1. Is it the case that SER130 is touching a residue at least 40 places away in the same chain (Cβ under 8 Å) and surrounded by fewer than 21 Cβ atoms within 10 Å (Cβ to Cβ)?
2. Within region 172-195, track down each residue that is away from the ligand (no atom under 16 Å from the Cβ) and not in a strand (DSSP E or B).
3. When the residues of region 308-338 are narrowed to those that are open to solvent by less than 10 Å² (accessible area, probe 1.4 Å) and either more than 16 Å from the ligand (Cβ to nearest atom) or not assigned by TED's automatic domain parsing to the domain that holds PHE254 (or both), which ends up nearest to ASP387 (Cα to Cα)?
4. Please determine whether any residue of region 32-44 is within 14 Å of the ligand (Cβ to nearest atom), open to solvent by less than 20 Å² (accessible area, probe 1.4 Å), in a helix (DSSP H, G or I) and under 24 Å from ALA56 (Cβ atoms).
5. Of the residues that make up region 360-374, is at least one part of a helix (DSSP H, G or I), under 24 Å from ALA292 (Cβ atoms), free of Cβ contacts under 8 Å to residues at least 40 places away in the same chain and not small (Gly, Ala, Ser)?
6. Out of all the residues in region 99-134, which are among the β-branched types (Val, Ile, Thr) and within 16 Å of the ligand (Cβ to nearest atom)?
7. What number of residues within region 73-90 satisfy the criterion of being farther than 19 Å from ARG145 by Cα and within 13 Å of the ligand (Cβ to nearest atom)?
8. Take LEU68 and tell me if it is in contact (Cβ under 8 Å) with a residue 40 or more places away in the chain and either open to solvent by 10 Å² or more (accessible area, probe 1.4 Å) or in contact with a Lys or Arg (Cβ under 9 Å, 6 or more places away or on another chain) (or both).
Amino acid sequence: MRIKPQKSFCTMLTPPPDKSVTIRALVMGWLSKGTTVVSNPLISGDTISAINAVTALGGEVDFVGGELHISGGRSEDGRVDAGNSATTARLFAGAAAGRVSASFTGDGSLKRRSMRPLIDALSKMGACISCSGGGYMPFEIKKSRLSGIDLMMTEPSAQIKSAVLLAGLCAEGETRVTEAVRTRTHTEDMLPLFGADICVKDGTIIVRRSELVGTKIDVAGDISSAAYPMALALMRGYCFIKNVGTARRELIDFFKGIGGDIEEENFGDRANLIVRQSSLTPFTVRGALATALIDELPLLAVIACTLSGESRIEDARALRGKECDRIKCTVASLRALGANIEETSDGMIIHGGGIKGGNAVTYGDHRLAMSLAVANALSEKGGFIDDEKCVEISYPSFWELFI
Ligand code: S3P
């Protein structure tokens, strides 16, 4: 795919529906009695993996007039292939432990991502998990009785938190999760809609054994996908972005904080955004903000490369365990495009000064591919993206931004 240097960017769009919310609706739909109806679901590589997980575990998913209709059902010895989706693997493993026996595997990228924290947390609850690969997929879960635990999460992970909460729904006693650094709250926000006995007290999430009941979920646009047109508009023009979910609104506030001209029309848990070309200042992202913006950090590194002055990304070690090592690969790919950027143990130092452009290596990682496409669009001479198909994981219509 060739990306030309983009002199101006002016468009109106609706971003793809939220991936995290669509996957959670599927796993909670599988756990529920009755039917769960999901309107505006994301249909992409990762959510197809989640749909396949539902059917592998004995549930049913129908497409009806653009909606997903999900019903539960239990098959013993289901084989879940989570493809590229760690969210699917970890959330369905949490939901399955204590309910069914099943095996879990994934693609080459997912097999390189550690499942150790997941296996350790679920095992503490009494889950019976065998994993010959020392904490890497494939692994097998044998149905067993679970008991609640009191988990203090020192390493931030919404996926591990969610897996434990979903397992807690069929555990004896209370399951309590406290996070040192808060991660996305979709699981604890959505579970009450399915009738779960869950509450948050003094920062601890407490869940008790519950029977979920199917409900209706309408999925808002994914801020992590909206991030790419937002970046292009901030650097090159204007964009009207409709129906963006604001449950994770840190990116909007971050862009505003570094000088971004963003107008919001808020309605409930979503907003329309009007994003205009702005003069952005170099920045540092660290601490809780690095966790909140974890999926957007490769894109923020790209933006930082175009600014004049030094920017830093710190406290982002979790990036090393994503679809690829997103610290190492982002730095290597951006350096190959002529950017002045260095790797640190937990982030990057970006010296700014512009991007020349060239052949971009994506390592098969959807977010790296999209970030590098933006890098080439903002570069002097443009360039090529080596693997255009990988964007289908989260943003199948991504390349339309460059038509
Ligand atoms: C996600 C959680 C995050 C994020 C991922 C989606 C989720 O991962 O990077 O893309 O839907 O729960 P962590 O669990 O590592 O925080």
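1. Working: touching a residue at least 40 places away in the same chain (Cβ under 8 Å): no; surrounded by fewer than 21 Cβ atoms within 10 Å (Cβ to Cβ): yes.
When the stated conditions are applied, SER130 does not pass them.
2. First, the residues of region 172-195 that are away from the ligand (no atom under 16 Å from the Cβ): 172-176, 192-195.
Listed by number, the residues that qualify are GLY173, GLU174, PRO192, LEU193, PHE194, GLY195.
3. Within region 308-338, the subset open to solvent by less than 10 Å² (accessible area, probe 1.4 Å) is 311, 313, 316, 319, 326-327, 330-331, 333-334, 337.
Still in the list and also either more than 16 Å from the ligand (Cβ to nearest atom) or not assigned by TED's automatic domain parsing to the domain that holds PHE254 (or both): 311, 331, 333-334, 337.
Working: SER311: 28, VAL331: 18, SER333: 13, LEU334: 16, LEU337: 16 Å.
Result: SER333.
4. So in region 32-44, the residues within 14 Å of the ligand (Cβ to nearest atom) come out as 42, 44.
Filter again for open to solvent by less than 20 Å² (accessible area, probe 1.4 Å), leaving 42, 44.
Of the ones still in play, those that are also in a helix (DSSP H, G or I) are none.
No, region 32-44 contains no residue that is within 14 Å of the ligand (Cβ to nearest atom), open to solvent by less than 20 Å² (accessible area, probe 1.4 Å), in a helix (DSSP H, G or I) and under 24 Å from ALA56 (Cβ atoms).
5. In the first step, residues of region 360-374 are kept if they are part of a helix (DSSP H, G or I); the result is 366-374.
From what's left, under 24 Å from ALA292 (Cβ atoms): 366-374.
Those left that are additionally free of Cβ contacts under 8 Å to residues at least 40 places away in the same chain: 369.
Cutting the leftovers down to not small (Gly, Ala, Ser) gives us none.
Within region 360-374, not a single residue is part of a helix (DSSP H, G or I), under 24 Å from ALA292 (Cβ atoms), free of Cβ contacts under 8 Å to residues at least 40 places away in the same chain and not small (Gly, Ala, Ser).
6. Initial filter on region 99-134 (among the β-branched types (Val, Ile, Thr)): 100, 105, 119, 129.
The answer is ILE119, and nothing else.
7. Residues that pass the stated criteria total 7.
8. Details: in contact (Cβ under 8 Å) with a residue 40 or more places away in the chain: yes; either open to solvent by 10 Å² or more (accessible area, probe 1.4 Å) or in contact with a Lys or Arg (Cβ under 9 Å, 6 or more places away or on another chain) (or both): no.
Judged against the criteria, LEU68 is not a match.
The values are calculated or read from the model by the stated rules, or taken from the named source; none is laboratory data. Note that the structure is predicted; figures quoted are calculated from it, not measured. Cβ atoms come from the backbone with ideal geometry, glycine included; neighbour counts cover every protein chain shown. Areas reflect the complete protein model, heavy atoms only, side chains present, ligands, DNA and RNA absent. Shrake-Rupley method; radii C 1.70, N 1.55, O 1.52, S 1.80 Å.
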